[in-house]
Structure formats: structure tokens, C-alpha cells
Amino acid sequence: MTITMRSSTPHIARMQKIVVLGATSGIALEIQRQLARQGRELLLVARSPQRLSELQSDLLARGAQQVLTVAADLAQVQHHADIFGFVRQSFPDFDTVLLAYGAMEDQKTSEASIDVLLDELNVNFVSAAALLTLFAADLEQRRTGCLAAITSVAGDRGRRSNYVYGSAKGALSLFLQGLRSRLHPAGVTVITIKPGPVQTPMTDHLANSSRFAPPERVARDIIRALNRRSPDVLYTPWFWRPVMSAVRHLPETLFKRLAF
Ligand SMILES: NC(=O)c1ccc[n+]([C@@H]2O[C@H](COP(=O)([O-])OP(=O)(O)OC[C@H]3O[C@@H](n4cnc5c(N)ncnc54)[C@H](OP(=O)(O)O)[C@@H]3O)[C@@H](O)[C@H]2O)c1
């Protein structure tokens, strides 16, 4: 784990201190740019120290009031306590946590290799649940704040072509639903973010990816939800809510025949 700290000259900003877990993701990058322009304070966690350093400089130049970074592989649950310890020590009054990391392997590879399958479940669900549990206890004790995590519309129904990724995201959505109920009495908000396909490095190899939602639009929706602490479940862009409602209601006898 590598830790660096730098900050620009402080100026008045709306009080919001955000921890981003998976700060180099295409969606997170756009969220952070927009938050930097609003003068927010950020603590970024991602794997690459070099990309974090570049990101730190870029976000400070765009107006972020403070940018701290931690380099760590978030799938390694044994590192979580150290990461969380650093956050508590250096950014103790953070009020928002956004979990943005994830990976989508080729489904056929996951079918052929148990190791790949377990890695995909770990990065998208097991490690995410472990990390969120650490942050949840802290916010619950302070009786404030917001936890948000990016799952996916892929978690709303198991499909032939991506059910390994989809089941991990579906498990994460269910975990967040229970966590929301647990933290509600403490006044802590939990937001489940379900994007449809977005133009990022995760999808740029897919057919028709140029038609996917631009990350700027998805980032705007996510920031609005973080500011409002609502809705509990955000579909972005918005039309995925009615689309997935229809998809979820298709009878299984029909759905299992659909080749997608
Ligand atoms: N793009 C879509 O269509 C779409 C749709 C629905 C949901 N999502 C979800 O949105 C989130 C962001 O994805 P994205 O679209 O922005 O894709 P992306 O640009 O490929 O971002 C994925 C990020 O996860 C990070 N990551 C993967 N494994 C990690 C690990 N072990 N430790 C730390 N970081 C790790 C990657 O880090 P590196 O930079 O080091 O590789 C990368 O920054 C993901 O949870 C994804 O599942 C995406």
C-alpha cells in the first residue's frame, strides 16, 4: 500500500468529503472531475500509484480542495483494514463513500475456469461487501453520511451471456438493500447505483459500444443522487428503470429461451 498527500490552497467549498474506492474507473474519473470543479475534498483508492499521482494533480488543477490517495488492490481483503485505518486517520470526517471498482470478464472464460469465476465473484461482490462493512460501521457509529456502490442492471436478472458478472452484481445489490435497512435507523443513506451500458474501458471492446451512455451523463446522475442522498436505487440513465422492470417480469419459461 502506498500513500501520498497533497492539497491546494484551501477555499470555501460545500462541505462534502468523498472517499472513492476504484478511483481510476472510467465512471469514477468523470465523477471526480465534476466534483473537483465543485471544490470538493477527495480521498482516492486505486491500484496504480502512477495513475493516482496523475489524477491527484489533474483534480487539484481542476479545483479540488484536497486530494489524498492510497494505492491498493481492493480485491485483497487482507489489505482492507490498513486502507480503512488510513482513511479514518487522514480523512476522519468523510461523509460519502463511493465504491466504483469492478471487473467484467468474458463469460466463456468464467465458465471454463473456476479460478476466473471466483476472482470475478470476489472483485465484484465478496471484497466489495467486506470493504463496505468496514465503512458502514464507522458511519453507523457517527450516525451520519452516505454509502453508495455501483452495481449494474446486469444484476437484475441472470442472463446466458453474462450471469457470472450479473450474479456478483445482483448479490451486491441485495447486500446493499439489507445494509440500507440496517443503517436507516442511524440516519446513514445507502444508494445502489445501477447503470446500463456505459462507454468506458470496461465496454469499449463490445459491439455498439459507441451507442452506450456517455460517462459524463452517468456521472451527473450519480452526483445528483449523492447530493440529494436519494433515490435508494438509482438507474442511470433513467430509462433503465422501466426497461429492467419489464425484463424482470418476463416469465422464466420465455426468458430462458432468449439468447442474450
Ligand atoms: N461500463 C459499463 O457499461 C458498466 C455498466 C454497469 C456497471 N458498471 C460498473 O461500474 C463500475 C465502474 O466501471 P467502469 O465502467 O468505469 O469500468 P472501468 O473503467 O473498466 O473501471 C473498472 C475499475 O475497477 C478497477 N479495479 C478492478 N479490479 C480492481 C482491484 N482488484 N483493485 C482496485 N481496483 C480494481 C480498475 O482498476 P485499474 O484502473 O487498475 O484497472 C478500474 O479502474 C464497475 O463496478 C462496473 O462493474 C459498468
Go through (1) near the ligand (Cβ under 10 Å from one of its atoms); (2) without any contact (Cβ under 8 Å) to a residue 40 or more places away in the chain for Asp115 and report which single condition fails. (1)
Suppose we filter Leu174, Leu234, Leu179 for residues that are buried (at least 18 other Cβ atoms within 10 Å of the Cβ) and away from the ligand (no atom under 13 Å from the Cβ); which single one remains? Leu179
What strands (runs of 3 or more DSSP E), lying completely within the range 1-71, carry at least 2 residues that are at pLDDT below 95? 2-7
In this structure, does Thr192 turn out to be surrounded by 16 or more Cβ atoms within 10 Å (Cβ to Cβ), closer than 30 Å to Pro92 by Cα, within 16 Å of the ligand (Cβ to nearest atom) and β-branched (Val, Ile, Thr)? yes
Note down all Cβ pairs under 7 Å where the first residue falls in the range 31-57 and is touching a residue at least 12 places away in the same chain (Cβ under 8 Å), the second is within 11 Å of the ligand (Cβ to nearest atom) and open to solvent by 50 Å² or more (accessible area, probe 1.4 Å), and they're at least six residues apart or on different chains. Arg47/Asp73
Any residue in the range 121-145 that's closer than 19 Å to Ala168 by Cβ: show its pairings with residues that are open to solvent by less than 10 Å² (accessible area, probe 1.4 Å) and of a type in the set (Gly, Ala, Ser) at Cβ separation under 6 Å, as long as the two are six or more apart or on different chains. Leu121/Ala168; Asn124/Ala168; Phe125/Ala168
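Can you tell which of Val243, Val198, Val247 is closer than 24 Å to Gln107 by Cβ, touching a strand residue (DSSP E or B) at 6+ places or on another chain (Cβ under 9 Å) and more than 10 Å from the ligand (Cβ to nearest atom)?
Residue meeting the stated conditions: Val243.
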Run Ala207 past the list (1) away from the ligand (no atom under 16 Å from the Cβ); (2) at pLDDT below 95 and report the number of the one that doesn't hold. (1)
Only listed residue being among the small types (Gly, Ala, Ser) and open to solvent by 20 Å² or more (accessible area, probe 1.4 Å), chosen from Ala137, Ala64, Ala148, Ala72: Ala137
Answer yes or no: is there a residue in the range 195-215 that is open to solvent by 10 Å² or more (accessible area, probe 1.4 Å), free of Cβ contacts under 8 Å to residues at least 60 places away in the same chain, within 18 Å of Pro231 (Cβ to Cβ) and in contact with a Ser or Thr (Cβ under 7 Å, 6 or more places away or on another chain). no
When (1) under 24 Å from Leu55 (Cβ atoms); (2) surrounded by fewer than 18 Cβ atoms within 10 Å (Cβ to Cβ); (3) within 14 Å of the ligand (Cβ to nearest atom) are applied to Gln78, the one that fails is (1)
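The values are calculated or read from the model by the stated rules, or taken from the named source; none is laboratory data. Since the structure is predicted, the reported quantities are computational estimates derived from the model, not experimental observations. Neighbour counts are summed over all protein chains in view; Cβ atoms, including those assigned to glycine, are modelled from backbone coordinates with ideal geometry. When the accessible area is computed, the model is the full protein with side chains, heavy atoms only, and any ligands, DNA or RNA have been set aside. Shrake-Rupley method; radii C 1.70, N 1.55, O 1.52, S 1.80 Å.
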